[in-house]
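The values are calculated or read from the model by the stated rules, or taken from the named source; none is laboratory data. For clarity, every value in this text was computed on a predicted model and none was experimentally measured. A quick note on method: Cβ atoms are made from the backbone with ideal geometry, for glycine too, and the neighbour counts reach across all protein chains shown. For the accessible areas, the whole protein counts, side chains as well, though only heavy atoms, and no ligand, DNA or RNA atoms are used. Shrake-Rupley method; radii C 1.70, N 1.55, O 1.52, S 1.80 Å.
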Amino acid sequence: RATWAAPVVHLGSEHRIAIYQNVPLANLLFKGDDDLSANVSLSRLAEGVRLSVVARDDIFCQNEPSGAEWQGDSLQFAIATQNHANFEWTAALTAKGAIAHLDIAPAGTKLGTADFPLVIHRDEASKETIYDLIIPNMLPDGSQLGDRFAITLLVNDDDGGGRKGYVEWTPGIGRSKDPTAYQPVVVR
């Protein structure tokens, strides 16, 4: 389980976006923070920035094919560096285990399987999915992460009838790809 004194941010009902892609209608409605919410923590380690997310989700469903994991229960996160380089990843707990892949990066950067420490654990008793990973100091394009960057993330929700919606920290991933909407942070 991810450990921290207090979350950096709590993503609850005010951060929830419903997209109404699944059926029946009863599945489209969110039923409070137990249905979908998340606590997020960022901290600096020698090797990079630790991103820890504890997502409360009443029903876990991740049956999507490789490359489409974002359509099921998953974490999408993105950073924009001081040099305006933009990176977006998806992390998910699949039948094959925890996976992460780089989906968006500067031109010339290889997309695909992400190479960083990643642990994802589902606790059915608490209805929580814990995502714990390290964004490395050396980014996939060879640039350095640094202490100042912008970040956002969203936690996708699928209760078994298709992607229902998500909670997001800031816009910039879900409805459109917009790094200018990410949250600027300093992580030392």
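From the list THR109, THR3, THR81, exactly one residue is modelled with pLDDT under 90 and more than 17 Å from the chain's Cα centre (by Cα). Which is it?
None of the others qualify; the one that does is THR3.
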Selection within segment 146-176 - part of a loop (DSSP other than H, G, I, E, B) and touching a strand residue (DSSP E or B) at 6+ places or on another chain (Cβ under 7 Å): ASP147, TRP169, THR170, GLY172, ILE173, GLY174
Test: ASN86 is more than 26 Å from GLY162 (Cα to Cα), at pLDDT 95 or above and touching a helix residue (DSSP H, G or I) at 6+ places or on another chain (Cβ under 6 Å): yes
Given (1) touching a Gly at 6+ places or on another chain (Cβ under 7 Å); (2) more than 18 Å from TRP89 (Cα to Cα); (3) free of Cβ contacts under 8 Å to residues at least 60 places away in the same chain, index of the condition ALA181 fails: (2)
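When you look at ASP123, is it within 20 Å of ARG50 (Cα to Cα) and either within 17 Å of the chain's Cα centre (by Cα) or open to solvent by 40 Å² or more (accessible area, probe 1.4 Å) (or both), yes or no?
Against the criterion (within 20 Å of ARG50 (Cα to Cα) and either within 17 Å of the chain's Cα centre (by Cα) or open to solvent by 40 Å² or more (accessible area, probe 1.4 Å) (or both)), ASP123 does not qualify.
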Evaluation of MET138 against (1) out of contact with any His (no Cβ under 7 Å at 6 or more places or on another chain); (2) surrounded by 15 or more Cβ atoms within 10 Å (Cβ to Cβ) (one fails), failing number: (2)
Among residues of segment 126-145, those that are farther than 26 Å from ALA55 by Cα and either touching a helix residue (DSSP H, G or I) at 6+ places or on another chain (Cβ under 9 Å) or part of a strand (DSSP E or B) (or both), counted: 2
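Select from segment 153-171 the residues that are hydroxyl-bearing (Ser, Thr, Tyr) and crowded, with 24+ Cβ neighbours inside 10 Å and list them in ascending order.
Within segment 153-171, just TYR166 meets the criteria.
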Selection from segment 51-103 of residues that are under 17 Å from SER176 (Cα atoms), open to solvent by less than 20 Å² (accessible area, probe 1.4 Å), of a type outside the set (D, E, K, R) and in contact (Cβ under 8 Å) with a residue 60 or more places away in the chain: LEU75, GLN76, PHE77, ALA78, ILE79, ALA80
